[in-house]
Amino acid sequence: MNNAAFNNASLFHAPTVQEADHHGHPKTDPKICRLGTIVFLCSEALLFSGLISAYLVVRAAGGFSNWPPNFHDGIELPAMPRLLTGINTVILVSSSFVYHAAESAVKKGKSGSSLILLAAMLGATFVGIQCVEWTNLYREGLWFNKGGVYGSSFFTLTGFHGAHVCIGVLLILWCFYLQVTRRTFTPQRHVALENVGLYWHFVDVVWVFLYVILYWL
Amino acid sequence: MIRAMIPSLKKSTLTSGSLISRVVQGIIFLLLIVPAMAEQRAGNIYGLPPCVTVSGEKVDAIFRIIFYLTATVFVLTQGTYIVYLIKYRRRPGVKAHYSHGNNTLEIIWTTLPTIIFLALAIYGNRVWDEIHRPAPENALTIDVSSYQFGWQMRYPGVSGKLSPSDVRAISPQNPFGTDPSDPRTAQDVISPDLVIPVGRPVHVLLHSRDVIHSFYVPEFRLYQDCVPGRTIGWVWFQATRTGDFQLACNQLCGTGHYNMKAPIHILPEEEFQKWLTPRQQKNAASSTPPASPTQADPVAHKAPEKELPLTTTETKPKL
Amino acid sequence: MSATTVDASIGMDVHDGHGSHGHGKKGLMHYIWNTDHKVIAMQFLWTSIIYLVLGGSMAIAMRWQLAWPGHPIPILGHLLPSTVVSEDGALIPGGYNMLVTMHGTILVFFVAMPVLIGVFGNFLIPLKIGAGDMAFPALNELSYWLFSISGLIMIATFFAPGGAPGTGWTAYAPLSSHGPYNGTSLGQTLWCVSLFVNGLSSLTGAVNYITTVITMRAPGMTMFRMPLPVWAIFITAILLIFAIPVLSAAAALIIFDLNFGTSFYRPAGGGQPLLWQHLFWFFGHPEVYILVLPAMGFTSEILAVFSRKPVFGYKAMVYAMSVIGFLGFIVWGHHMYVSGMQLWLSAAFGVSTMVIAVPSAIKTFNWMGTIWRGSIHYTVPMAFAVAFVSMFVIGGLSGIFMASTPVDLFVHHTYFIVAHFHYVIFGAIVFSVFAAIYFWYPKMSGRMWNETLGWIHFWMSFVFFNLTFFPMHNLGLAGMMRRISDPTVYDCLKQVQPLNVICTIGAIGLGLSTIPFLINMFWSLKYGPKAPANPWNSTTLEWTLENPIQHGNFPVTPTIYHGPYEYSIPGMEKDFLPQNEKAPDHIKLEAH
Ligand code: HEA
Ligand code: HEA
Ligand code: CUA
Ligand SMILES: [Cu+2]
């Protein structure tokens, strides 16, 4: 989705707000941007609710205890790597905290760029480990089209989430770039940083849900 | 409303006024004709086709109640509306009444419809439950199998019972999901027509081999989707008179959907037996011993000793 | 794309040369990427009129086939691709299915939604709440372009191998999710992609509307002083935020099933065909209220203006809309009573469906209260608004039949349903859209339309509409199924074939009735008399602005002193009091 546009404060220019940027466009009030982001994240939440409830419905229909259903294609389905993903979950969640620390640093007038970079790196690590896991499961015979609805839903749900994480990492790197080259974010004004943060926390929270539902339920 | 508006219409369309009013007259005439035609055709004032099942009569009863209710509401609301539109049209020197509303009225017209609607819902759901009681013991069970784009019915053989089947085994080679190694399988009577006895409950097991189809017979007041991968076992009905009807698929299922139909014959019990018994006996006579289990067939990997359950009703909760 | 670009420029005339856009862009780019909410509204308007003609013509082709099955369609038959018609220009069964699908999809997603939300949401919200523009103008333009692109993708399905999808606008799985069943894997995929992109457009729009309404109201404009169209679109936007993503998720799963071999909807792989229906209708039911709520908002305002009376029960109207919005999310199962869903669930959805009719009843009675003891001015927008109420009652009452679980056993998927939803969709929503276009056209274009043509349009569409869709009730009760290309294959339907002919004659007339409307709009754009700032003596803020409205709307931010509909106040000379005018000291306004 158009997160880049969404968080780029200079794209928005509500005439009622007086402050102007270097193009002479008036800048949108940070509060308005935050509200917009939150409304947008509500719809994202519904997107994931749709996917998760699809998964739950399919499982309920097959009988909850009867899972994973290893009737399909006669293959023995691999067990979920709960430990590795557990560690991965910790990595992703900690990146949220690091990002928060970066925001506090900026609010105090510091650059915070190293913390921003660290948050991005943690996110990238998460994606990396997730890729390794996908490859392993693929080798063991589980894929979008293998293992029936079990494989389908596992890869679709984690895939949707993974795409969101990737976008998030790119957004954070973009914030990092802005901060290093232009020192865009100041204690007074850090609209993009704040909204990327909202998005990033949201993505992390969704992951915690997915981890519980896909790996432990 | 029409009368209130025609003056302004005439004012602005002086030249074409008479033509338009003639067209309007013609159309009003047509609209009155339409219900009258339906009446003639169906022999009753609602324009419904004849109803030939016991449960269908219950549906018609509640249909009638809603018809009278909505007709009353229609006449009252539209009548008041038209009166207002004429009575309160602009007149020189008359100013509109200044009012922002009335809370007592709001409460009245919130509670009254709530009571009516809840009563309708409760009554409706009671009929719904009655219609969906489990099928009686003496019911004739028929397996109705739908596919793109047609129907096949499977009747019990001489044993009087349908041979066991499993929806998961349904495939192009095994359209009913029966067990070919079971001797009873060959006894089943397969028919392209739905032939049923009058006066006896008929219990249909609805299946689909590919996409969702539906079992729809307007004269039965009955509609039920056939969902692939499932047996829908709660549909049963009892015909009240003989006759020939058509079973229609009423769920968009592809190119041939519009023509996916099957004949229905409702026969007196003796004639029904005359139709069914020879077919049962023919199958019993020609039924050969089961094919060897090594033969590659879709259910071969299932243990042959284990008897497959006859799924008459949904066992597991589904959606 | 060029068509939409050119059309968009027509709307631009409105204030070209007046006020500066302040963007420094010139020429074509200036029109393509313009962030003024009024211009975007016009872009939406012209584009969706193209789709109205497209989708409506498909309906005419279908109606022709239903009345005279197998007969070549004059003119239209030669314009359709060979996947849809035979060589002599008659519809083939598969082609009929494609047209049903595209007719439903196009009219819902590319006509009704953009007109109600894209056009009037954009045009009215900032003007009515006293804001200079939307909160995120760039996002707003993005929304328009996503919408345009999704439309092109939808049209492209006709040229996929196998043609457009023929699975209905509801695209039930597994017909839609399995290539061999529907015969056009690519077409169905494009359909899903198009709805996904269209969904993004709706979401960006909705984010904008919600944010704008919450944060950018002028001083004094409290929530309960907002005009009802703004309330309606605000609630609609909230529904969009919650409903659209679920459709997007479900459509994504169809794309995966079709192309990557997943088995969400495939029973053999453990999937559930009914899953699609649950997800689709979880979106689909709120969707119909997404369509009707803005229409209700416009009607409430227009009835008040031309009855010269305050809206009866303003707050009751707002609460009723909110309740509709909330309950709309828990009634989706009424489309699935007989789908194989658990029987007790059907019963439960039956109750909630009955309950959701209550707020509609409240609104109906309040509309009647609004005209009661009014001083009704008969103008074209008023005529359409009056027709809205009447047609909505008919459509709503047929909804009560279907809401009753046992009756739905009989009428499900028959023409009774088709009659129901065309009464609420065309008879109510489209009529209110016409009302709204006539009502706000002077503000949008700065010019008045021709009254005679307007009345011709009204009477033709009112009469032909009823002629087209009323007999469909009878057809449905006679057992005529939806989505069949040839009713005469069924014995029991042969005898009602004359009704089909009547419907078709009505449909052709209904199509032709659109012509005076289109002529009127285009003619007035250039030659219409210049409109005064407030031709209807209305009270809301947009009418306080001189035509044409400049970029940035309000030269001075207005202050709002009271609610939106202060008409015929006793003791006042003028029979209306604009929202930004203080009531004279001796006048006491009634609380609303
Ligand atoms: C804008 C669109 C719109 C609106 C407003 C409605 C409003 C309602 N709809 Fe409709 N509906 C559709 C659009 C809409 N619908 C569409 C498009 C479909 C078909 C989808 C498809 O399958 O393709 C559909 C299908 C549909 C079905 C499924 C039918 C089937 O497939 O078997 C049902 C079933 O319950 C239903 C019910 C209702 C009800 C109870 C209302 C209520 O909200 C109506 C309430 C209004 C009134 C009742 C009238 C005014 C009230 C009074 C005057 C008060 C007094 C009245 C009494 C005491 C009776 N609708
Ligand atoms: C906003 C929604 C909307 C609107 C406005 C309409 C408008 C019309 N619909 Fe609509 N219809 C749907 C939404 C809508 N429909 C939906 C959702 C379905 C269900 C689809 C499905 O089952 O999947 C449906 C299904 C549907 C069917 C059922 C098909 C079937 O189940 O087999 C029919 C049949 O008569 C029909 C007819 C019409 C007609 C005649 C019009 C007319 O009002 C159209 C009039 C407009 C024009 C004609 C265009 C403009 C005019 C001109 C360009 C002038 C010249 C034109 C000529 C005379 C050729 N529609
Ligand atoms: Cu089978 Cu329609
Ligand atoms: Cu609905």
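The values are calculated or read from the model by the stated rules, or taken from the named source; none is laboratory data. None of these values were measured; they are calculated from a predicted model. Neighbour counts are summed over all protein chains in view; Cβ atoms, including those assigned to glycine, are modelled from backbone coordinates with ideal geometry. Protein only, heavy atoms only, side chains kept; ligands, DNA and RNA dropped before computing areas. Shrake-Rupley method; radii C 1.70, N 1.55, O 1.52, S 1.80 Å.
Summary of computed values
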quantity	calculated
Whole-angstrom Cα spans of segment C:318-422 along principal axes, big to small	52, 30, 16
Rg to Rh quotient for segment B:106-185, alpha carbon positions, Kirkwood Rh	1.31
Within chain C: Cβ-based charge dipole about Cα centre, in debye rounded to nearest 20 (Lys, Arg +1; Asp, Glu -1)	480
5 angstrom amide H check on C:G168, placed H, neighbours 5+ away	C:T101
Highest average packing first - A:183-191, B:253-261, Cβ atoms within 10 Å	B:253-261, A:183-191
Computed label-point distance, nm, for sites B:T72 and A:R189 using a 7 Å Cα→Cβ extension	6.8
Charged-residue dipole, Cβ positions (Lys, Arg, Asp, Glu), the protein assembly as shown about Cα centre, Debye nearest 20	2200
Förster-model FRET efficiency, 41 Å R0, A:Y177 and C:F159, C-beta, rounded to 0.05	0.45
Gained length - C:I519 relative to C:Q497, 0.36 nm times residue gap less alpha-carbon distance	4.5 nm
By average C-beta atoms within 10 angstrom, highest first, the peptides C:299-308, B:126-135	C:299-308, B:126-135
Mean projected area in nm² (Cα convex hull; one quarter of hull surface) for segment A:18-216	12.4
log10 of Debye I(q)/I(0), alpha-carbon scatterers only, for the protein assembly as shown at 0.06, 0.07, 0.09 Å⁻¹	-0.51, -0.70, -1.13
Shielding by partners - mean other protein chain Cβ count within 10 Å, residues of C:393-406	6
Segment C:353-487 shape via C-alpha gyration tensor axes, a/c threshold 1.5	oblate
Alpha-carbon Rg/Rh ratio, for chain C, with Rh computed the Kirkwood way	0.96
Packing-based order for C:150-160, C:247-257, using average beta carbon neighbours within 10 Å, highest first	C:247-257, C:150-160
Inter-label distance, nm, simple model (7 Å from Cα along the C-beta direction), C:E546/B:R241	7.8
Within segment C:535-562, backbone nitrogen closer than 12 Å to the virtual label 7 Å beyond the Cα of C:A583 toward Cβ	C:561-562
Mean residue ellipticity (222 nm) of the protein assembly as shown, computed from DSSP H runs ≥ 4 via -39,500 (n - 2.57), nearest 500	-19000 deg cm²/dmol
Estimated inter-spin distance, B:R126 and C:H78, nm [label 7 Å along Cα→Cβ]	6.4
Segment B:72-186, relative contact order [Cα under 8 Å, separation at least 6], %	10
Percent of alpha-carbon pairs separated by more than 29 Å within segment B:129-274	11
Calculated diffusion of segment C:372-446, Stokes-Einstein form, Kirkwood radius summed over Cα pairs, 4 °C and 1.567 mPa s, µm²/s	94
Chains C and B, summed buried accessible surface - 1.4 Å probe, Å², nearest 100	9800
Percentage relative contact order, chain C, counting C-alpha pairs under 8 Å, at least six apart	16
Solvent-accessible area, 1.4 Å probe, carbon plus sulfur percent, for the protein assembly as shown	65
Probe 1.4 Å, accessible area per residue of the protein assembly as shown, Å²	36
Test item: C:462-474 mean partner chain Cβ contacts at 10 Å	4
Under 5 Å, built H, 5+ apart or other chain: amide partners of B:L205	B:I142, B:D143, B:V144
Amide H contacts under 5 Å for B:Q246, placed H, 5+ residues apart	B:I264
Neighbouring partner chain Cβ atoms per residue of C:481-488, average, 10 Å criterion	5
Area hidden from solvent between C and A (accessible, protein heavy atoms only, 1.4 Å, total, Å²)	3200
Within segment C:183-333: Cβ-based charge dipole about Cα centre, in debye rounded to nearest 20 (Lys, Arg +1; Asp, Glu -1)	500
³J(HN,Hα), Karplus 6.51/-1.76/1.60, whole Hz, each residue of segment C:554-571, x for Gly, Pro	9, x, 10, 4, x, 10, 10, 10, 6, x, x, 10, 9, 10, 6, 6, x, x
